[in-house]
Amino acid sequence: MIDESDIAAAREAEKRARLRAQAAARDPAMKTAVRQANAKMREMSRERLPKKA
Amino acid sequence: MAFICVLNDEKGWGDLLETEAKVSVNTVIGYDDETDHVYHLYVSFDRQNTGYFEPSFYIQEFDEKDEPVYEYFHSTETKSFLDRESRRRVLANVLAMIRTILGRHKFDTCIFYSMDVHLPPEALLKYTYVSAIFFSFGYIGEYMTTSDGQHIWKFLRAPL
């Protein structure tokens, strides 16, 4: 049953989600994974992806 | 801006993080060949202090030094760089990532909030798809719109 506390929590949902996202991005393991994924993406982009006009 | 989407349909996988308080999957969705920024899609289930898990999905933009620049939670914002086909692929991947997570974790209760208020029926459609996934994993659900116009879905895992 959706209750008053659930409704109260709804108002701050975006704020919580944004803070969690920013905290996750600062996590050392996550930073390493992101860095690796980004490097791979940029390499792929330069080699294979079509350039937009 | 020249965003290039690299998503395939329903990949549903990427870097997986699983802790007591958080389960998330992220995958690169594309790249901007003018700014060198890279965009990641995240689907995250985070434990609230109530013990419920709160799903959310968002796109995070990283700059050329791999620092996070911005988190996009609103489709009105992502329309500035995602075309219609890219948005379709992002949604397909969000749904596949939710399937992946629900296939690995049996959460007792999940509570899901829209980030926007007073969503029109076409914008609510994606949440209908999300609900259908929960139902397919045996959850029962409840939905309401608050007096402020925010949408809430609560899913409980049905007893066997």
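Quick notes
- Shape of segment B:37-95, Cα gyration tensor, a/c cut at 1.5: oblate
- Pairs of lysine residues in chain B that meet both criteria, 8 or more places apart or on different chains and Cα atoms under 30 Å apart, total 17.
- Placing pseudo-labels 7 Å out from each Cα toward the beta carbon at residue A:19 and residue B:99 gives an inter-label distance of 3.5 nm.
- Rounded FRET efficiency, nearest 0.05, which uses the C-beta distance separating residue B:36 from residue B:116 and R0 of 45 Å: 0.90
- Among A:21, A:13, A:33, residue whose mean-square fluctuation peaks in a GNM of chain A (springs only between Cα atoms under 10 Å): A:13
- Rh (Kirkwood; distinct C-alpha pairs) - segment B:3-157, Å: 16.2
Laboratory data are not the source of any read-out in this text; all were calculated from the coordinates shown. For clarity, every value in this text was computed on a predicted model and none was experimentally measured. Here Cβ is always computed from backbone atoms with ideal geometry, including for glycine, and neighbour counts include all displayed protein chains.
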